[in-house]
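Take a look at the structure below.
The values are calculated or read from the model by the stated rules, or taken from the named source; none is laboratory data. Nothing here was measured: the structure is a model prediction, and the numbers come from that model. No Cβ is skipped: glycine too gets one built from the backbone with ideal geometry, and neighbour counts run over all protein chains shown. Side chains included, ligands, DNA and RNA excluded: accessible areas come from the protein's heavy atoms. Shrake-Rupley method; radii C 1.70, N 1.55, O 1.52, S 1.80 Å.
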Amino acid sequence: IGELFPERKAKPLSSQALEVLAVIALKQQISTQGVTDIRTFDSSAVIANLAQRGFIQRLKVRGEHRERLWKVTQRFLDAFNLNRVEELFDEETFERVFPELEEPIAE
């Protein structure tokens, strides 16, 4: 569709999507259930959308209970002008990347 209608822009990420991205980026290699546990909301639909948009990808290895594990992609880094995921641990960078989030995700 993007090729047929180049003037169409992608929808911006919702606050829920940004929250899920923050969790995945900070935890790196986290399962869908792990994200849901942290957020206390079912995150599977948001994760599927982020994967479809190329911001996260499923790892080839599986977690302790054979669950799928997720990590952010190079597209995520490019979209938020980051060189490495570790830059998010700098408070000022986290606030710049995720200004909508009231407080950082708990460790």
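A compact table of results
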{"item": "Selection from region 35-50 of residues that are touching a residue at least 12 places away in the same chain (Cβ under 8 Å) and crowded, with 16+ Cβ neighbours inside 10 Å", "result": "VAL35, ILE38, ARG39, SER43, VAL46, ILE47, ASN49, LEU50"}
{"item": "Residues of region 57-76 that turn out to be β-branched (Val, Ile, Thr) and under 18 Å from SER43 (Cβ atoms), as a count", "result": "2"}
{"item": "Long-range neighbours under 6 Å by Cβ, at least six apart or interchain, first residue within 14 Å of PHE89 (Cα to Cα) within region 9-31, second open to solvent by 50 Å² or more (accessible area, probe 1.4 Å) and not acidic (Asp, Glu)", "result": "VAL23/ILE38; GLN28/LYS71"}
{"item": "Any hit, region 13-25, residues being open to solvent by less than 30 Å² (accessible area, probe 1.4 Å) and among the charged types (D, E, K, R)", "result": "no"}
{"item": "Residue that is most open to solvent (accessible area, probe 1.4 Å) [pool: residues in region 51-76 that are closer than 17 Å to SER15 by Cβ and in a loop (DSSP other than H, G, I, E, B)]", "result": "ARG53"}
